[in-house]
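Asks: Let me begin by handing over the structure; questions about it come next.
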Amino acid sequence: MLEIKKKLGQIFLLFAVLQSVLSCAPAINYLNISVPEEGGIKFAQFTTDDENALGPQIQRNPITNLLEWYAPAFIAVSPDGNKLTFIGRKDNKDNMYIKNAAGGKATVQRTFREVVRDMAFSPDGSKIAFTDVTGGDYNIFMINATEGAAVQQVTTTTLTEVGPCFAPDGKSIYFAKSDGNRYYIWNVNMETSLLTQYSEGFTPSVAKDGRRLVITRNSKSTGRGEIWLIDLISGSETLVLSDLKKGYSSPQISPDSNLIVCVGSTPKSITAPENLNIYTIKLDGTGLTQLTFHPGHDVSPIWSSDGKSIFFISQRGNPTGKFNVWRMEFKK
């Protein structure tokens with residue numbers, strides 16, 4: 001029964017976003033770095049093919065025919081903007097690697113485990129929380145960002161716990177926990193170990209004021225992802241972004257707390273198949289803007305520390321659609 005609950009939790013995290021028929025889908029040209037619809041945005045490749053950067057699992061549900069993917073971000077930027085982490089595969093193991101955010105070839109392996117997934121820096125940049133998968137069990141761990149091999153296990157249950165996000169004061173971590181059917185937002189105080197449950201949802205991102213939290217939540221009627229804003233003080237919940245034919249996930253609040261960058265689905269067209277792209281929207285739910293239009297998948301967007309660019313994982317610029325970390329300029 002426990003193993004069944006784990007599998008159900010993983011299925012719900014890979015959430016459905018839109019429905020279409022795969023037949024007649026056009027061939028994908030991954031090789032282009034950008035497409036005309038992207039309006040002259042400057043893109044720069046951050047990782048190289050030999051670093052084997054990983055992207056999230058993206059698949060189609062054979063029963064519902066809906067596109068599904070793992071929503072928590074596979075990359076993170078340090079608060080000072082100097083370092084970026086990503087997940088790379090070496091010797092059949094998935095671990096966290098760190099590079100200078102300005103670029104360069106120097107890459108440092110930071111974890112030495114079997115399967116590492118999403119991660120987040122602490123506000124002072126000294127620690128990194130990440131998701132570890134051992135024997136199918138997802139738990140949150142923490143490691144020093146720069147030195148030492150010791151890791152601290154933050155969650156210890158047999159349930160699925162993913163998507164860590166530090167509170168602005170660094171004293172607690174928000175994360176998502178599955179009860180076997182749905183995901184709920186939890187917080188663990190690192191000083192007292194006190195656990196607090198909030199609302200249904202996953203992929204938490206906290207504004208600098210520590211009061212506002214944006215999350216992904218699956219629509220109970222369509223199964224597609226929606227973006228919600230939670231006021232942690234009043235308890236009010238506001239729907240920011242939803243669409244009957246599209247799904248959204250992976251929201252990240254901008255450094256100035258005015259915008260959200262997220263992943264959104266794009267229906268197939270004559271020239272491109274249905275795929276995942278990067279969008280921005282204001283916290284009040286206005287100004288939805290699609291930033292990327294490449295026929296390959298663009299996922300896991302995160303802001304640079306100054307808010308002037310966005311890092312993300314993309315299949316662009318590679319003849320076979322291999323994932324790499326990319327950086328694009330952002331102008332409001």
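Asks: Considering (1) closer than 20 Å to Leu84 by Cα; (2) out of contact with any Ser or Thr (no Cβ under 6 Å at 6 or more places or on another chain); (3) surrounded by 14 or more Cβ atoms within 10 Å (Cβ to Cβ), say which one Val162 fails and leave the rest.
Replies: (2)
Asks: Quick check on the range 263-274. Is at least one of its residues outside any loop (DSSP other than H, G, I, E, B), touching a Pro at 6+ places or on another chain (Cβ under 7 Å) and within 17 Å of Glu226 (Cβ to Cβ)?
Replies: In the first step, residues of the range 263-274 are kept if they are outside any loop (DSSP other than H, G, I, E, B); the result is 263-266.
Filter again for touching a Pro at 6+ places or on another chain (Cβ under 7 Å), leaving 263.
Those left that are additionally within 17 Å of Glu226 (Cβ to Cβ): 263.
Within the range 263-274, one or more residues are outside any loop (DSSP other than H, G, I, E, B), touching a Pro at 6+ places or on another chain (Cβ under 7 Å) and within 17 Å of Glu226 (Cβ to Cβ).
Asks: Also, quick follow-up: State whether one or more residues within the range 56-75 are part of a loop (DSSP other than H, G, I, E, B), at pLDDT 90 or above, among the β-branched types (Val, Ile, Thr) and touching a strand residue (DSSP E or B) at 6+ places or on another chain (Cβ under 7 Å).
Replies: Looking only at the range 56-75, we keep the residues that are part of a loop (DSSP other than H, G, I, E, B), and these are 56-57, 61-65, 71-74.
Narrowing the set further to residues that are at pLDDT 90 or above leaves 56-57, 71-74.
Remaining after also requiring among the β-branched types (Val, Ile, Thr): none.
The answer is no; no qualifying residue exists.
Asks: Here's something else I'd like to know. Could you tell me whether any residue of the range 143-151 is in contact (Cβ under 8 Å) with a residue 12 or more places away in the chain, within 18 Å of Pro72 (Cβ to Cβ), in contact with a Lys or Arg (Cβ under 9 Å, 6 or more places away or on another chain) and among the polar types (S, T, N, Q)?
Replies: No; the residues of the range 143-151 include none that is in contact (Cβ under 8 Å) with a residue 12 or more places away in the chain, within 18 Å of Pro72 (Cβ to Cβ), in contact with a Lys or Arg (Cβ under 9 Å, 6 or more places away or on another chain) and among the polar types (S, T, N, Q).
Asks: Okay, next question. Looking at (1) closer than 19 Å to Pro301 by Cβ; (2) not in a strand (DSSP E or B), which is the only condition Phe86 fails?
Replies: Phe86 satisfies all of (1) closer than 19 Å to Pro301 by Cβ; (2) not in a strand (DSSP E or B) except (2).
Asks: While we're on this one: In the range 241-263, how many residues are at pLDDT below 95 and surrounded by 24 or more Cβ atoms within 10 Å (Cβ to Cβ)?
Replies: Selection size over the range 241-263: 1.
Asks: How about the range 184-257: which strands (runs of 3 or more DSSP E) wholly inside it have at least 2 residues that are under 20 Å from the mean Cα position of the chain (by Cα) and more than 17 Å from Phe166 (Cβ to Cβ)? Don't jump to the end; show me each part of the working.
Replies: Numbers: elements: 195-200, 202-206, 212-218, 225-231, 237-241, 248-253.
It comes to 195-200, 212-218, 225-231, 237-241, 248-253.
Asks: Considering only the range 321-331, state which residues are farther than 19 Å from Ile87 by Cβ, touching a residue at least 24 places away in the same chain (Cβ under 8 Å) and in a loop (DSSP other than H, G, I, E, B).
Replies: Here is the first cut: in the range 321-331, the ones farther than 19 Å from Ile87 by Cβ are 328-331.
Keeping just the survivors that are touching a residue at least 24 places away in the same chain (Cβ under 8 Å) gives 328-330.
The answer is Phe330, and nothing else.
The values are calculated or read from the model by the stated rules, or taken from the named source; none is laboratory data. This structure is a prediction, so every number in the text was calculated from the model and none was measured. Cβ coordinates were reconstructed from backbone atoms using ideal geometry, including for glycine residues, and neighbour counts include every protein chain displayed.
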